[in-house]
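K.L.:
Attaching a single structure in structure tokens format; questions to follow.
Only the coordinates and a few stated rules stand behind these numbers; no lab work does. In this text, all values refer to a predicted model and were calculated from it rather than measured experimentally. Cβ placement follows ideal geometry from the backbone for every residue including glycine, while neighbour counts extend to all protein chains displayed.
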Amino acid sequence: MTRVRVMTRLRALPAAALLVLQASPALATQGHGGIEGVYIHQLAHLFFMLSMAILIFRLREERLVAQRGWRYIQYAAFLFILWNIDAFVVHLLDDQLRVVQLTRLNAWQLKVTGPNHLLVRFYYMAKLDHLLCVPALWFLYLGLKHLLAEARRAEPGGKSS
């Protein structure tokens, strides 16, 4: 990297730090405008789930999972299916059936209440949907990375990465 590029990046560092330090709090959950927004959102989960199932079916039918990149994408699709099931159930419990209530105690704490402690525990565990989504994204990244490397090797005079 040239000295000019390094100096340019170093000058941008205080501005980036200022933006990060002055950021306003962001809520980790997204509300939907009225119950019709929830229905559309739920349909989107079902559509995404079906799309991932079709992707897995096609990958296996075409025997593409023999390649590492496509196999990782298959793992990602499976985890996305599990994530969609999880998110669908959570939305059903708190937005549609309203059997679980969230009460904000302060800026960092929420209280979960429901008809029984088993449902509350199940809901709490299901809200940890990032434990499915993040690994799915990681497998997707790995799969795409391997496919790109294979495509580069297959090019005439291709470079390996």
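K.L.:
Helix check for the chain. Which DSSP H runs span at least 24 Å along their own axis by Cα, with a mean Kyte-Doolittle hydropathy no less than -1.0?
P.N.:
3-21, 34-61, 68-91, 130-154
K.L.:
Can you give the FRET efficiency for I40 and K111, using 1/(1 + (r/R0)^6), R0 = 22 Å, r = Cβ-Cβ distance, to the nearest 0.05?
P.N.:
The calculated FRET efficiency here is 0.15.
K.L.:
Further question on the same structure: By how many nm would the segment from L64 to Q96 grow when fully extended, if each residue of separation counts as 0.36 nm and the alpha-carbon distance is taken off?
P.N.:
Length gained between L64 and Q96: 7.6 nm.
K.L.:
Something else about it: Where the only charges are on Cβ atoms (+1 Lys, Arg; -1 Asp, Glu), what is the dipole of the chain about its Cα centre, to the nearest 20 debye?
P.N.:
So the dipole magnitude of the chain works out to roughly 900 debye.
K.L.:
While we're here: Does the chain come out rounded, prolate or oblate, given a ≥ b ≥ c as the square roots of the eigenvalues of its C-alpha gyration tensor, rounded meaning a/c under 1.5 and, failing that, prolate meaning a/b above b/c?
P.N.:
oblate
K.L.:
Here is a further query. GNM on the chain, C-alpha springs below 10 Å: top fluctuator among L142, L132, L13?
P.N.:
The residue that fluctuates most here is L13.
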